[in-house]
């Protein structure tokens, strides 16, 4: 994906940052409902934002996304719209990075369907430079509006939901192996070839593997936080985590890595539960494992409902099980298929 022989990923951006050093990339596909609010939130704050380059890389929207972006250029002349023939987010970020002006030393990646806190862009850029790292990641705090979405949000940032990932509601800053991508040292990003564009999911974790192996450091800044809305339906959540599992399997196979313990627990639980149900007609002992898992989910649901003082919390176990089982099925599916997309 790129020649890193001459790359020193630990040669940080230093000194007082100027807006001219920063490029923001927003991958978009049919985001007419969200893109204007996203752009306006990112352009609120520090006067240095007037000098950044903001690129919306559109993957072929069939709604009004492109028209809205073009209309916003009246208010934000530093906003640019480009086409993304690769359609995927990974291709969008790579394309914008390759086409950026030479003076852009920091790349900030943003999502079109998010609204960001004031001055998010320059806080990310300044923090990346201050810590002298190749990549800056931030925690994500899940919030919800509908009943299932709230239950999903309440459980996903716990060990039972996400397995204790540092960027899922994490409160401590420090160096990590992986996190929600926010800012990159442009030299390091391009030197590594950017994202692997064959990845539709998990491209961020795959990039982080290559970055760490090249000597690059990743810093989680817990003072820069994002709120996000998780999936609001069981079906949507299942599809999301099935694809996450497939992406994780491809990353593991590509780099010859072993899953972490927290990544082994969901597929082991799935296998054990299926085996237990197969054995159950012949021996009730077979129900111990699936029954134990179900009991843990029920206990979690009741606990969330009590702590949050909401009956919606009773759906937390359903959300957790959907994440576990869908992720595991995606993982197994991709292992059977091999590394190909």
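Exactly one of these conditions fails for residue 79: (1) under 27 Å from residue 141 (Cα atoms); (2) modelled with pLDDT of 95 or more; (3) in contact with a strand residue (DSSP E or B) (Cβ under 7 Å, 6 or more places away or on another chain). Give me its number.
In the conditions (1) under 27 Å from residue 141 (Cα atoms); (2) modelled with pLDDT of 95 or more; (3) in contact with a strand residue (DSSP E or B) (Cβ under 7 Å, 6 or more places away or on another chain), residue 79 misses (1) alone.
Just to be sure I understand, how many residues within region 292-334 are over 22 Å from residue 144 (Cα atoms) and exposed (fewer than 15 other Cβ atoms within 10 Å of the Cβ)?
4
Please tell me if residue 72 is more than 19 Å from the chain's Cα centre (by Cα), surrounded by 14 or more Cβ atoms within 10 Å (Cβ to Cβ) and under 22 Å from residue 128 (Cα atoms).
In short, no.
Does residue 199 meet the test of being in the same structural domain as residue 97 (by TED's automatic domain parsing) and modelled with pLDDT of 95 or more?
no
Return yes or no: is residue 68 in the same structural domain as residue 185 (by TED's automatic domain parsing), farther than 25 Å from residue 197 by Cα and touching a residue at least 60 places away in the same chain (Cβ under 8 Å)?
It is false that residue 68 is in the same structural domain as residue 185 (by TED's automatic domain parsing), farther than 25 Å from residue 197 by Cα and touching a residue at least 60 places away in the same chain (Cβ under 8 Å).
Against the conditions (1) closer than 30 Å to residue 46 by Cβ; (2) touching a strand residue (DSSP E or B) at 6+ places or on another chain (Cβ under 9 Å); (3) crowded, with 19+ Cβ neighbours inside 10 Å, where does residue 228 fall short? Just the number, please.
Answer for residue 228: the failing condition is (3).
Of the numbered conditions (1) within 21 Å of residue 122 (Cβ to Cβ); (2) in contact (Cβ under 8 Å) with a residue 40 or more places away in the chain, residue 31 satisfies every one except a single condition; which is it?
(1)
Among the residues of region 174-195, which ones are modelled with pLDDT under 95, surrounded by fewer than 21 Cβ atoms within 10 Å (Cβ to Cβ), in a loop (DSSP other than H, G, I, E, B) and out of contact with any helix residue (DSSP H, G or I) (no Cβ under 7 Å at 6 or more places or on another chain)?
If the condition is that a residue be modelled with pLDDT under 95, surrounded by fewer than 21 Cβ atoms within 10 Å (Cβ to Cβ), in a loop (DSSP other than H, G, I, E, B) and out of contact with any helix residue (DSSP H, G or I) (no Cβ under 7 Å at 6 or more places or on another chain), then 176 is the only one that fits.
Restricting attention to region 136-151, which residues are at pLDDT 95 or above, buried (at least 19 other Cβ atoms within 10 Å of the Cβ) and touching a helix residue (DSSP H, G or I) at 6+ places or on another chain (Cβ under 6 Å)?
Answer for region 136-151, where residues must be at pLDDT 95 or above, buried (at least 19 other Cβ atoms within 10 Å of the Cβ) and touching a helix residue (DSSP H, G or I) at 6+ places or on another chain (Cβ under 6 Å): 136, 148, 150, 151.
Please list, ordered by residue number, the helices (runs of 4 or more DSSP H) wholly in region 202-302 having 1 or more residues that are without any contact (Cβ under 8 Å) to a residue 40 or more places away in the chain and under 21 Å from residue 189 (Cα atoms). Don't jump to the end; show me each part of the working.
On the way: elements: 203-213, 234-255, 261-279.
Output list reads 203-213, 234-255.
The values are calculated or read from the model by the stated rules, or taken from the named source; none is laboratory data. Predicted model only: the values in this text are computed from it and were never measured. All Cβ positions, glycine included, derive from the backbone under ideal geometry; neighbour counts span all protein chains shown.
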